[in-house]
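Student: Right, I'll just put the structure down here and ask away after.
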Amino acid sequence: MSETDKYISPLSERYASREMQYIFSQDKKFRTWRQLWIALAETEKELGLNITDEQIEELKAHQDDINYDVARKRESEVRHDVMSHVYAYGQQCPKAAGIIHLGATSCYVGDNTDIIIMREGLELIRAKLVNVIAKLKDFALKYKDLPTLAFTHFQPAQPTTVGKRATLWMQDFMMDLEDLEYVLSSLKLLGSKGTTGTQASFKELFDGDDERIDRLDGMIAEKMGFKSCYAVSGQTYSRKVDTRVVNILAGVAATAHKMSNDIRLLQHLKEVEEPFEKHQIGSSAMAYKRNPMRSERIASLARYVMVDCLNPAITSAVQWFERTLDDSANKRLSIPEAFLATDGILDLVLNVTDGLVVYEKVINKHLMAELPFMATENIMMDCVKAGGNRQELHERIRVLSMEAGEHVKREGRENDLLELIAADPAFNVSLEELKSNLDPSKYVGRAPYQVDMFIKNEVDPVLDKNKELLGLKADIKV
């Protein structure tokens, strides 16, 4: 079959990075299997089994030159992927063939490799999260003082600043990073527990010597870069681990989705736009259009990941006793695709946050159209100080606000609330005096200060701790 007459996942063709694709590649998987077989053989030798240095050196010599053709041919005969690769490795290592996989079950390589791969995938996601947070920090600081309409229920509300709004996105990503780091720090290997988790085969191999068997898992874990193994298991590690991992990815997806929705709405308002390249086409029919396609793609992929997190949760819930195999086919799809899709999401987020375009004049125009309504409390207080009655003025402002609103919505006129107030003798104030209250910066509260404090107290310590991860660039394929 050619590349054009078979299904190819869009996650690899269009969305996921080469780095994430390698983590979930066949080469990574089967090289890790061989690393685990070497670690097992070395540990068993160190604990006194009859394994020679020559055998281990032979295994190491062929760790990376995997004879896939032999393994595939063997699997077509025996219908077992692990034993096919044990056989293929043994063909390359005839002196060590008899001690490959000694005492282990298939989950020794399968499950331990899954944990190793998920850890590497989380580390890449972590690096991209840190860079997204850094991009949003720069954006928030740049626009911390720029007043803009805030929205509740997507209705105009008390103003905020463009930078303050970005801190809301940033804070959600910070929470995702915190959750990710916790799960990452808690990952352990399965170790080598045998067919039902009892280590019966190792009790036989080590003549019932519990002291040596107790050391087995810890030594393997250390060789593979882990602090420890799960204390108990069935044949597999608890599928609850997969649930915890993919829940982290779903959280990242939800955060990105929320941010992308905000950007899409802002782009509709012509206030903020995602990057749009010189030769990019927005619509095949409407040549003038500048669609927020990156943000739309973020939302699209994010929904996939958010739903995908049900797969490991359901799989975990329906595992029978020490294991069933109805997890295998599902895991082969749901775990890699959750990682690849989340990786694609974060590349898009990096690209968007690196090039957001802010239209300050449009933002100010929209704000000034609504600001007279929001200035009424200040106007009323000033008039009370000048001798007016608060309750009477409140009622007059309510009536005049309704009238101005009707002018805007039914007649398409500009907001003339200030003119109506100036013409009302109850207020005893001129139009010029009223307009002096329309400085937008007076209505954003502590937004600029909140940006500074949030970045100083929350963001900068995280970025400083992870400064070696900064500088990633996203490559968007289409």
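Computed from the coordinates by the stated procedures, all read-outs in this text should not be read as laboratory data. Model, not experiment: these values are computed from the prediction. Glycine gets a Cβ as well: all are built from the backbone with ideal geometry, and neighbour counts include every protein chain shown.
Student: Across the stretch 193-224, what is the total count of residues that are without any contact (Cβ under 8 Å) to a residue 12 or more places away in the chain and of a type in the set (Ser, Thr, Tyr)?
Tutor: Counting residues in the stretch 193-224 that are without any contact (Cβ under 8 Å) to a residue 12 or more places away in the chain and of a type in the set (Ser, Thr, Tyr) gives 1.
Student: Does the stretch 332-342 contain any residue that is on the phi < 0 side of the Ramachandran plot, among the aromatic types (Phe, Trp, Tyr) and touching a strand residue (DSSP E or B) at 6+ places or on another chain (Cβ under 8 Å)?
Tutor: no
Student: Identify all residues within the stretch 15-28 that are surrounded by 14 or more Cβ atoms within 10 Å (Cβ to Cβ) and under 13 Å from Ala474 (Cα atoms); write none if there are none.
Tutor: Tyr15, Ala16, Ser17, Glu19, Met20
Student: Which is out of contact with any helix residue (DSSP H, G or I) (no Cβ under 8 Å at 6 or more places or on another chain) and touching a residue at least 60 places away in the same chain (Cβ under 8 Å), of Asp145, Asp111?
Tutor: Asp111
Student: In addition: So which of Gly103, Gly163, Gly121 ends up being more than 24 Å from Asp464 (Cα to Cα) and either touching a Ser or Thr at 6+ places or on another chain (Cβ under 7 Å) or not hydrophobic (A, V, I, L, M, F, W, C) (or both)? Don't jump to the end; show me each part of the working.
Tutor: Working: Gly163 fails: more than 24 Å from Asp464 (Cα to Cα); Gly121 fails: more than 24 Å from Asp464 (Cα to Cα).
Within the list Gly103, Gly163, Gly121, the selection yields Gly103.
Student: Residues being small (Gly, Ala, Ser) and loosely packed, with under 12 Cβ neighbours inside 10 Å: count how many of those fall in the stretch 360-408.
Tutor: 2
Student: Another question, if that's okay. Quick one: which of Asp69, Asp65 is among the acidic types (Asp, Glu), more than 17 Å from Leu216 (Cα to Cα) and either touching a strand residue (DSSP E or B) at 6+ places or on another chain (Cβ under 6 Å) or not in a helix (DSSP H, G or I) (or both)?
Tutor: Testing whether each residue is among the acidic types (Asp, Glu), more than 17 Å from Leu216 (Cα to Cα) and either touching a strand residue (DSSP E or B) at 6+ places or on another chain (Cβ under 6 Å) or not in a helix (DSSP H, G or I) (or both) leaves just Asp65.
Student: Additional query: If a residue must be more than 25 Å from Thr148 (Cα to Cα), free of Cβ contacts under 8 Å to residues at least 60 places away in the same chain and outside any helix (DSSP H, G or I), how many such residues does the stretch 412-467 contain?
Tutor: So the answer is 7.
Student: Take the residues in the stretch 95-120 that are in contact with an Asp or Glu (Cβ under 8 Å, 6 or more places away or on another chain) and farther than 25 Å from Thr196 by Cα, then tell me which one is surrounded by the most Cβ atoms within 10 Å (Cβ to Cβ).
Tutor: Ala96
Student: Identify, from the list Ile248, Ile220, Ile263, the residue that is over 30 Å from Gly48 (Cα atoms) and in contact with a strand residue (DSSP E or B) (Cβ under 8 Å, 6 or more places away or on another chain).
Tutor: Ile263
Student: Tell me the helices (runs of 4 or more DSSP H) entirely within the stretch 153-252 that contain at least 1 residues that are polar (S, T, N, Q) and surrounded by fewer than 21 Cβ atoms within 10 Å (Cβ to Cβ).
Tutor: Result: 162-186, 200-205.
Student: Only one of these is under 22 Å from Ser17 (Cβ atoms), touching a residue at least 12 places away in the same chain (Cβ under 8 Å), assigned to a helix (DSSP H, G or I) and of a type in the set (A, V, I, L, M, F, W, C): Val362, Val349. Name it.
Tutor: Val349
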